[in-house]
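Read through the structure below, which is laid out as structure tokens, and then see the notes.
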Amino acid sequence: MARPEGTIRVCLVGACGRMGMEAARALAKAPGLELSAAIDRSHCSEPLRQFAGPTVPDLEVEQKLGAALERTGCHVMVDFTHPGVAADHALTAIRHGVAPVIGTSGIASAGLNDIKHACQEASVPGMIVPNFAFGAVLMMKFCEMASKWLPDAEVIEMHHDQKVDAPSGTAMRTAEVIAASRARARRALPNEIIKADGARGANVAGIKVHSVRLPGLVAHQMVMFGGSGETLTIRHDSIERSSFMPGLVLCVNEVWNLEGLTIGMDRLMT
Ligand code: NAD
């Protein structure tokens, strides 16, 4: 695949949400990109500027993704909506020859498979990125390194109280990365007594993941490794949603240089 010549036109789905508004501002000011359509299930026909401020293009919020893609000839669709609908949005984009860059987390594995097959069949690239923050990707890389020497690890992820899915996509991916790179898994205590359900967290790829939801948080994760007489804690904090924007812009610029469906943006950070 080759990046389209000239300006990359972008359709943003979930434009009136917390991430959508931030993304609208970032895409509007990114050189070489043009925010061409804004989709949301609510606020239809209202001006996007009402939500994202005066720096974004003068667009009306629309409801119908397919119609917007046909009218604007967009190259890339960005989705920050809900795990129950994001896969359908991706499939609609692919049917229109538009590369999906999905930021929505928590898409079920059946949806992920459908997107993967659709990308292959249509020869349209796509990305699903659990975390667009460069620091979060580095955190996962450091965890991969650490787990070779300290294979015993637990993940504690902390998010704002409006997040609908748990564990976070980043925590799931971190656990999978650690599980794939460590030489051995810790054996559970045979005589462990659980006095309250969930006390030991969720089991993701054999690693305990604990999810905290509180107002005041944005997106944070600590990964604790334990060895003989030592612990190592690797922590990442997204303090503002702006932390996700340089990575989003990178993915929108690069998706057409990839093939098939790519999970995560590690490949773009070599
Ligand atoms: P939000 O609830 O503030 O916004 C979601 C928006 O999507 C709303 O405006 C809603 O009206 C719209 N929407 C929902 N269903 C729709 C549909 N069918 N069609 C069109 N629009 C629809 O949520 P948020 O905090 O912006 O988060 C959105 C997603 O992004 C979540 O899954 C969250 O976990 C994820 N997220 C990803 C990253 C990342 O780096 N990948 C970072 C933060 C959040």
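Which of the helices (runs of 4 or more DSSP H) contained wholly in the stretch 1-108 include at least 2 residues that are charged (D, E, K, R)?
Result: 18-29, 65-72, 86-95.
Got at least one residue in the stretch 63-70 being touching a helix residue (DSSP H, G or I) at 6+ places or on another chain (Cβ under 7 Å) and within 30 Å of SER211 (Cα to Cα)?
No, there is no match, as no residue in the stretch 63-70 is touching a helix residue (DSSP H, G or I) at 6+ places or on another chain (Cβ under 7 Å) and within 30 Å of SER211 (Cα to Cα).
Could you tell me which residue of the stretch 162-210 is surrounded by the most Cβ atoms within 10 Å (Cβ to Cβ), considering only residues that are within 18 Å of HIS220 (Cβ to Cβ) and touching a Gly at 6+ places or on another chain (Cβ under 6 Å)?
Among those residues, the one meeting the criterion is VAL209.
Can you name every residue in the stretch 214-252 that is of a type in the set (D, E, K, R), in a strand (DSSP E or B) and exposed (fewer than 15 other Cβ atoms within 10 Å of the Cβ)?
Once the filter is applied, which keeps residues that are of a type in the set (D, E, K, R), in a strand (DSSP E or B) and exposed (fewer than 15 other Cβ atoms within 10 Å of the Cβ), the stretch 214-252 yields GLU230, ARG235.
Does the stretch 160-172 include one or more residues that are over 22 Å from GLY84 (Cα atoms) and touching a Ser or Thr at 6+ places or on another chain (Cβ under 6 Å)?
Looking through the stretch 160-172, none of the residues is over 22 Å from GLY84 (Cα atoms) and touching a Ser or Thr at 6+ places or on another chain (Cβ under 6 Å).
When the residues of the stretch 152-168 are narrowed to those that are within 11 Å of the ligand (Cβ to nearest atom) and among the hydrophobic types (A, V, I, L, M, F, W, C), which ends up modelled with the lowest pLDDT?
Ranking the candidates gives VAL164 first.
Filter the stretch 70-111 down to the residues that are near the ligand (Cβ under 9 Å from one of its atoms) and charged (D, E, K, R), then identify the one that is nearest to LEU27 (Cα to Cα).
ASP79
Can you pull out the residues in the stretch 11-29 that are under 19 Å from ALA93 (Cβ atoms) and more than 8 Å from the ligand (Cβ to nearest atom)?
Matches in the stretch 11-29: CYS11, LEU12, ALA23, ALA24, LEU27.
Kindly establish whether ARG41 is more than 17 Å from MET265 (Cα to Cα) and within 9 Å of the ligand (Cβ to nearest atom).
Criteria met by ARG41.
Checking the structure you have, find out if any residue of the stretch 11-22 is under 21 Å from the mean Cα position of the chain (by Cα) and among the acidic types (Asp, Glu).
Checked against the condition, which is being under 21 Å from the mean Cα position of the chain (by Cα) and among the acidic types (Asp, Glu), the stretch 11-22 yields at least one hit.
Answer yes or no as to whether ALA67 is in contact (Cβ under 8 Å) with a residue 60 or more places away in the chain and away from the ligand (no atom under 12 Å from the Cβ).
For ALA67, the condition - in contact (Cβ under 8 Å) with a residue 60 or more places away in the chain and away from the ligand (no atom under 12 Å from the Cβ) - is not met.
Cβ-Cβ below 9 Å, separation at least six or inter-chain, first residue in the stretch 19-41 and within 18 Å of GLU254 (Cβ to Cβ), second within 16 Å of the ligand (Cβ to nearest atom) and of a type in the set (Phe, Trp, Tyr): which pairs?
ALA23/PHE80; ALA23/PHE244; ALA26/PHE244
Before we move on, is PRO47 exposed (fewer than 14 other Cβ atoms within 10 Å of the Cβ) and at pLDDT 95 or above?
Answer is no for this residue.
For ILE156, are the conditions met, namely being surrounded by fewer than 15 Cβ atoms within 10 Å (Cβ to Cβ) and out of contact with any helix residue (DSSP H, G or I) (no Cβ under 8 Å at 6 or more places or on another chain)?
no
Can you tell me which of GLY14, GLY97 is at positive phi, in contact with a strand residue (DSSP E or B) (Cβ under 8 Å, 6 or more places away or on another chain) and touching a residue at least 12 places away in the same chain (Cβ under 8 Å)?
GLY14
Of the residues in the stretch 112-151, how many are within 16 Å of the ligand (Cβ to nearest atom), of a type in the set (S, T, N, Q) and either at pLDDT 95 or above or assigned to a helix (DSSP H, G or I) (or both)?
Qualifying residue count for the region: 0.
The values are calculated or read from the model by the stated rules, or taken from the named source; none is laboratory data. If you're wondering where the values come from, they're calculated on a predicted model, not measured in any experiment. Ideal geometry is used to build each Cβ from the backbone, glycine not excepted, and the neighbour counts take in all protein chains shown.
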